[in-house]
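Data block below; observations after.
The values are calculated or read from the model by the stated rules, or taken from the named source; none is laboratory data. Keep in mind it's a predicted model, so treat the numbers as computed, not measured. Cβ placement follows ideal geometry from the backbone for every residue including glycine, while neighbour counts extend to all protein chains displayed. Please note that ligands, DNA and RNA were not included when accessible areas were found on the heavy atoms of the full protein model with its side chains. Shrake-Rupley method; radii C 1.70, N 1.55, O 1.52, S 1.80 Å.
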Amino acid sequence: DLTVIMARLSSDAQRLHVSAATPEGQNLAADFDEKALVAIRDEFYGSQGKETPWEKFFFELQNIFNRSLVGFKGGIVELAPPNTTTKIQFKLNPSSDKVQESILASLVNYHYIHIHLKDVEKQVAESTKQETEVRTQAADLEKEEQHLKDGISRNKEQDENNQRRLAELQQQLAIAESEKRKAGDAVEDEEEDEDANICRARIPLGKKHAKPFDTNILKLVKSKFVSDREGAAAEDAVFNSIVRPYTSSELSKVTANLPDQQRQQVWEVLLKIDDWDYDVFSLQSAMSGDDHDSLAVQTHGGSLFVTMYALMFRYGLLQKFRIDERIFTNWLSVVEAGYHPNPYHNSMHAADVLHITHYILSKGGLIKKCNLTDEDQLAAIFAAAVHDYDHPGINNSFHVKAQTYLAYLYNDRTVLENKHVSSIFELMKLPRFDLLQSLTEDQRRDVRDTVIEMILATDMSLHGKYVSQFKRRLQENHDFVKKADVRLALAMAVKMADISNCGRPERIYLRWSNKIADEFYMQGDRERNLGMPCSPFMDRMQPAMAKGQIAFMNYIVIPMFDSISELVPDMRFSVDLTESNKSYWTRNDDSAQ
């Protein structure tokens, strides 16, 4: 019999394809799926069919074909295994395919594969790799599609909320204007017009001068740092224009039995203001109820208000410069109100940077090392508190790429930092917010120049420049007491404070790292919605928090902390803490998931 018979797996490896071409030119073929093959296997092996593995069954088929124990009759292919009378049968049907040509092509391919096995294996590997890449891309596109749908849904919901809020505000505005017209309040109109003529910056408090802060808490905070002599001898002094501090004996009695939980929590946090693990999260919760939603209002002040109020008395700056406490609380109220409730760049971050700057000055030893003057200390505390004032939650790169008004205003150079510092000094044109009004002209100029230098230095695009300059001064053995060196050291201090989260205790560090990730992803969403490529580590579709944090620590944080530790060795511990936090991400790599 000259009939040509072939059995092979289908291209998708889901069926056994058997075909035959007779000498008379008849073409027959059939596909056998798993169900059909199970029936054939069970019939051949009998009661042991279900227990027979597929590998054995197909090996049997291959062995029969190799030994030419195959027959064809009446459209049925019969396989006759040796040592048994039972035959394996495959019934074929007439086919329109040119079976003989197909069989010949298969034989040629089979021969080619065996001759060029390595080349074929390489092609298969490349094809498999391409298939994997395509599947990955398809999965990513599906995720992105779902993310965009979710984003559209969120934006729609947010838009509806904004529309409702806008309608409420418009209604409130109409009522307020109506009442104002009825009252004929010409004085307030004149004040508003005068403010607009003097100050072109946004005034977050509107017509208010200060927040309705709790004087009991201010008295408690002030009393920790003001001596009996200062409190008694200067009861009527301008730095006591709002509250008079307790005497030492009064303070001991009050703190032994604080009347409410809020003051107890504030006091407990305040006791650690000179420690590295000072916790602004706990302070914010004590003052406003939580450390996230409350940031939008902070009716009675939050962590920045308390921390700044405490440190100004801790350094005796209101006493030394005879700053009016009322103007100070006005200024502090408007500064805290000027921070937006961003996930990361908010007033709580300002409080944290303020505290770390204080730590570097005091326990870190910078005051002693650089012989800092009172003006230097005031400038450092001032700059730390306002260094991210009015931050919009998007970075300089976004402004430049999106060609925003601010980018054009500041010519793409240190965009946000220029805005932070200029907005604050613009607000201080209003007498009620002029924190420096009691200083002499020379003192005011000195403080202003130092504040500007410190805040502009926080632009990360200038990081390399400042660190290189600092290292060069260290190598040249500068004593860091000249004004230029002092300002460089203070700039490095606030820069270290700005990125100090990486060197904090792990429980504090992880809370900040989650907040910066949230803000990064929000910027990435905005970039995607504008058709811009997502900035590095800001694409929530491709999370790489571990990779980003490790790189940031390796290339930015640790080298900078090392350099600062050369000037003030008491800060060396921060390098060890950073290394410890870095090891956390080697154990929890989200990008590998």
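Looking at 283, 258, 128, which one has the Cα that reaches farthest to the positive end of the dipole of the chain (charges on Cβ: Lys, Arg +1; Asp, Glu -1)?
With unit charges placed on the Cβ atoms, the residue in question is 128.
Over the chain, what relative contact order in percent results from Cα pairs under 8 Å that are six or more residues apart?
Answer for the chain is 10 percent.
Which of the lysines could a cross-linker bridge to residue 91, judged by Cα under 18 Å and excluding same-chain residues fewer than eight apart?
Once the sequence-local lysines are set aside, what remains near residue 91 is 35, 73.
So for the chain, taking the charge dipole from beta-carbon charges (+1 Lys/Arg, -1 Asp/Glu), which of 225, 308, 45 sits furthest toward the positive end?
45
Given a 1.4 Å probe, how much area per residue of the chain is accessible, in Å²?
Values: 31080 Å² over 593 residues.
So the chain comes to 52 Å² accessible per residue, rounded to a whole number.
When we measure straight from the Cα of residue 363, which lysines land under 24 angstrom away, once same-chain ones fewer than 8 places off are left out?
222, 224, 272, 320, 471, 482, 483, 495
Taking the Cα centre of the range 390-440 as the origin, how large is its charge dipole in debye, to the nearest 20, when only Lys and Arg (+1) and Asp and Glu (-1) carry charge on their Cβ atoms?
Dipole magnitude for the range 390-440 comes out near 60 debye.
Between residue 471 and residue 26, what is the spin-label point distance in nm, taking each point 7 Å from the Cα along the Cα→C-beta axis?
Between residue 471 and residue 26, the label points sit 8.7 nm apart.
Just to be sure I understand the model, the point goes 7 Å from the Cα along the line to the Cβ. What's the resulting residue 260 to residue 506 distance in nm?
It works out to 3.7 nm between the two label points.
If I compute solvent accessible area with a 1.4 Å probe over the protein chains, what percent of it on the range 435-579 is carbon and sulfur?
Exposed carbon and sulfur together represent 51 percent of the surface.
Taking all protein chains in place and a 1.4 Å probe, what share, in percent, of the accessible surface of the range 305-365 do carbon and sulfur account for?
Carbon with sulfur: 46 percent of the solvent-accessible area.
Per-residue counts of other Cβ atoms within 10 Å, averaged by peptide: what ranking do you get for 281-288, 579-586, 566-573, highest first? Present the calculation step by step, with values, prior to reporting the outcome.
On the way: 281-288: 22.9, 579-586: 15.5, 566-573: 17.0.
Those peptides, ordered most packed to least, come out 281-288, 566-573, 579-586.
What full-extension length gain, to one decimal in nm, is calculated for residue 406 and residue 174 as 0.36 nm per residue of separation minus the Cα-Cα distance?
80.4 nm
With +1 on the Cβ of every Lys and Arg and -1 on the Cβ of every Asp and Glu, and nothing else charged, how large is the dipole of the chain about its Cα centre, in debye rounded to the nearest 20?
860 debye
Net charge around residue 143, counting only other residues with Cβ within less than 12 Å of its Cβ (Lys, Arg = +1; Asp, Glu = -1)?
Neighbour charge sum, excluding residue 143 itself: -4.
How much length is gained if the chain between residue 320 and residue 583 is pulled fully straight, taking 0.36 nm per residue apart and subtracting their Cα-Cα distance, in nm to one decimal?
Stretched out fully, the residue 320 to residue 583 stretch lengthens by 90.2 nm.
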